[in-house]
Amino acid sequence: MRVASTGRRRLCYRRGFRRDSRGVVSVVGTLLALLVFFALFGVFLTQYVPLWMSENEQTLTTQVETALANLKGGIDGQVASQGPAVIATPFPISSQSIPLIAQPTAAAITFVPPSPGGGTYSNVSMKPGPGGSTGAFFENQTVGTVQIKIPSRYYSPETFLLENDAIIQSQGNGQQVVEFPPTLSVNQTGSGYGVTASLIQVTGISTQATGVGTQEIFSHFVYSDAFTSTSAAGTLTAKFIEATFYPCAWSSFVTSTFAQAPSGFSSHYTITAPGSCSGPPATSYPFKVAFTGLTSFTLIWAEVHLVIGVGTE
């Protein structure tokens, strides 16, 4: 017997996405896009910005070194040839920036004119004096300095100093070197030794310049002269004193210069330098070089007037 089964037809309906579900997908997609953007932006800030700005600050340091070399070269040329009357040297005082991301690094140029309380001076003496005079020749002058500080944030901070015709570079405590040296030479004639040294005074008004772009430094030649003392018997004595905040830089320069002199010259000089070079001293240190038994000593003495910026004097 056939049994008929009865029942309801089961109907299947496909559930569609509700409108609010499509909104959730859009939000999730936007958040994922933002996460990707912030991840890439974070990599840019932590990796590329320091590298980019480090290159910009390194370029600024190199440009300042080049400008200082040009300034010193111009001054040396003025002293050697008695002119020209004025030479202008452009100095960069800021690095390149990253638009909207990183500001440029600004350097500061400071000129400290000679002053009795400035702490830095140069002293040169020799006996007998020029022309065979029996008295001692003595010259003492306070020294004007040009200092350029580069407070780099991504590259090594640097300080440069123009002092008595020498360019000194300082990087942190204990790292100081004479990059562009003044005139200091030793010559041998037979068994006698002669020394030539320079003492260039820079004068002007106290000035500080910072900002962006470049700044001009004008060197006005004032005068130069040379004083030579001789002793055929090899009994001439001389002394050079540089009161400086960077005695270790001067000591390294003089020591390396005299190391290249004729071997017999080592017994004709003594150096008085600080015992350690852990950092610039709190006050200026009188770095001394004393010469004995010379046949000649020549001092190149000159004065140059510096002006930073246009219309400042």
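Out of Pro157, Pro151, one residue alone is exposed (fewer than 15 other Cβ atoms within 10 Å of the Cβ), more than 20 Å from Ser263 (Cα to Cα) and modelled with pLDDT of 90 or more. It is Pro151. For the range 92-141, the tally of residues that are part of a loop (DSSP other than H, G, I, E, B), under 23 Å from Glu163 (Cα atoms), open to solvent by 50 Å² or more (accessible area, probe 1.4 Å) and touching a residue at least 12 places away in the same chain (Cβ under 8 Å) stands at 1. Scanning the range 203-220 for any residue that is touching a helix residue (DSSP H, G or I) at 6+ places or on another chain (Cβ under 8 Å) and exposed (fewer than 14 other Cβ atoms within 10 Å of the Cβ) turns up nothing.
Note on the range 280-299: residues that are in a loop (DSSP other than H, G, I, E, B) and modelled with pLDDT of 90 or more amount to 1. Name the single residue, out of those in the range 59-69 being surrounded by fewer than 17 Cβ atoms within 10 Å (Cβ to Cβ) and touching a residue at least 24 places away in the same chain (Cβ under 8 Å), that is nearest to Ile308 (Cα to Cα). Checking each candidate, the answer is Ala69.
Filtered by the rule that a residue be touching a residue at least 12 places away in the same chain (Cβ under 8 Å), hydrophobic (A, V, I, L, M, F, W, C) and open to solvent by 30 Å² or more (accessible area, probe 1.4 Å), the range 239-267 gives a lone residue, Phe245.
The values are calculated or read from the model by the stated rules, or taken from the named source; none is laboratory data. Note that the structure is a prediction, hence the values are computed from the model and not measured. Every residue, glycine as well, gets a Cβ built from its backbone with ideal geometry; the counts of neighbours run over all protein chains shown. Areas reflect the complete protein model, heavy atoms only, side chains present, ligands, DNA and RNA absent. Shrake-Rupley method; radii C 1.70, N 1.55, O 1.52, S 1.80 Å.
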